[in-house]
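Q: Quick one: the structure is below, questions incoming.
The values are calculated or read from the model by the stated rules, or taken from the named source; none is laboratory data. For clarity, every value in this text was computed on a predicted model and none was experimentally measured. Methodologically, a virtual Cβ is constructed for each residue, glycine included, from the backbone with ideal geometry; neighbour enumeration extends over all protein chains shown. For the accessible areas, the whole protein counts, side chains as well, though only heavy atoms, and no ligand, DNA or RNA atoms are used. Shrake-Rupley method; radii C 1.70, N 1.55, O 1.52, S 1.80 Å.
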Amino acid sequence: MLGKLIRKKNVETEPLISVELESVKSKHIPAHVAIIMDGNGRWAKKRNLPRIAGHHEGMKTVRKITRVANDIGIKVLTLYAFSTENWKRPKLEIDFLMKLPGEFLSTYLPELIEQNVRVEMIGNFDVLPEHTKNAIQRAIDETAENDGMTLNFAMNYGSRLELIQCMQEIAKLATEGKIELEDIDETLIGNNLMTAHLPEPDLLIRTSGEVRLSNFMLWQLAYAEFSFTDVLWPDFDELCMINEIKEFQSRNRRFGSVNEEGDA
Ligand code: V0D
């Protein structure tokens, strides 16, 4: 596992990362971490580069954070890559963004397979461009047998739309007489969301200083710890991720105790 990090070219941080990694792995690890990857445009602007340069740099961070999350032992990493609101952006920017899954996967799919990572997606898949769908579907198919970390991309995802579809599905079951009103509970709702097969996130991270949920996993984040960092997504690195998990572990040090929900 550590061998994956040793291949990194940054010799300065390697020993530090290994030591920190071992300490993090000896404590309670969040099963599911969700990240809102914000600040790519701002990163580019600071350097007088076009926004797309920031998106491209952000893709390299996806690779880095996937690898360290897998090394930590996180079971599910959900990355908010494209929201239903993002269609309002300029067409040229959208066209560029829609090429990123293909580029990401043609570069990194072999190492995802090597790391036993399973690629999944939540969101409305159908309306994505054909070439984007093909790239993602191929990655999903080629990693379907992997049983390591699940790398779950939220693409064209919006939580309210997900809840609308969930409610429509449940109402349909009710009108067809397949369920009684009393059958509508947290489990039934959870089972009709796009995340039905996944554990709920234990930790939400949003980069770049914005303190909003932006229509992301409204139901699923009910009990999650939230962390908002000023670091821009392209600058978010392995040590940032390890520090987030350490902070989570210190907040959760009473995990499992009677005071768990704060009723001290
Ligand atoms: C841009 C920062 C990887 C956020 C990361 C189309 C904005 C880089 C993917 C990707 C994006 C998605 C699915 C998949 C494999 C890779 C990605 C988008 C944006 C939205 F199966 N990075 N990335 N998708 N950015």
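Q: By how many nm would the segment from Thr107 to Phe125 grow when fully extended, if each residue of separation counts as 0.36 nm and the alpha-carbon distance is taken off?
A: Extra length available between Thr107 and Phe125 comes to 4.3 nm.
Q: Can you compute the FRET efficiency between His28 and Glu180 using 1/(1 + (r/R0)^6), with r the Cβ-Cβ distance and R0 = 45 Å? Round to the nearest 0.05.
A: With R0 = 45 Å, the Cβ-Cβ based efficiency is 0.70.
Q: When ligands, DNA and RNA are left out and all protein chains stay put, how many square angstrom of accessible area per residue does the chain have with a 1.4 Å probe?
A: In whole numbers, the chain has 52 Å² accessible per residue.
Q: With a cut-off of 17 Å, note down the residues of the stretch 28-52 whose backbone N falls inside the zone around a label point 7 Å from the Cα of Asp95 toward its beta carbon.
A: Those under the cut-off are 50-52.
Q: Working from the alpha-carbon coordinates of the stretch 104-185, get Rg over Rh, Rh being the Kirkwood radius. Can you show the working numbers first?
A: Details: Rg = 16.9 Å, Rh = 14.9 Å.
Result: Rg/Rh = 1.13.
Q: Got a sec? Which residues in the stretch 50-94 would a label at Lys246 touch, if it sits 7 Å along Cα→Cβ and we count backbone N under 17 Å?
A: 68-69, 72-73
Q: If you don't mind, another one. Under unit Cβ charges (Lys, Arg +1; Asp, Glu -1), what dipole magnitude, rounded to 20 debye, does the chain have relative to its Cα centre? It would help to have the intermediate numbers written out before the result.
A: Values: 32 positive and 41 negative charges, 259 e Å.
Once rounded to the nearest 20, the dipole reads 1240 debye.
Q: Sort the following peptides by mean Cβ neighbour count (other Cβ atoms within 10 Å, averaged over residues), highest first: 181-190, 24-33, 126-135, 65-74. All intermediate terms of the calculation are to be shown ahead of the outcome.
A: Working: 181-190: 11.2, 24-33: 17.7, 126-135: 14.1, 65-74: 22.1.
Ranking, from highest mean packing down: 65-74, 24-33, 126-135, 181-190.
Q: Quick one: if you stick a label point 7 Å off each Cα along the C-beta vector at Glu210 and Asn116, how many nm between them?
A: 3.6 nm
Q: Ignoring ligands, DNA and RNA, please state the percent of accessible area on the chain from carbon and sulfur, probe 1.4 Å.
A: 53 percent
Q: Along Cα→Cβ, 7 Å out, is where each label goes; now give me the distance between the ones at Leu16 and Leu161 in nm to one decimal.
A: With each label placed 7 Å out from Cα toward Cβ, I get 4.1 nm.
Q: Apply 1/(1 + (r/R0)^6) to the Cβ-Cβ distance of Glu85 and Arg63, taking R0 = 25 Å, and write down the FRET efficiency to the nearest 0.05.
A: Numbers: r = 25 Å, r/R0 = 1.02.
Between Glu85 and Arg63 the formula returns 0.50.
Q: Over the chain, consider all pairs of different Cα atoms and compute the Kirkwood hydrodynamic radius from their mean reciprocal separation; express it in Å, one decimal. Intermediate values should be presented prior to the final figure.
A: Numbers: mean 1/r = 0.0509 Å⁻¹.
Taking the inverse mean of 1/r over all distinct Cα pairs, the chain comes out at 19.7 Å.
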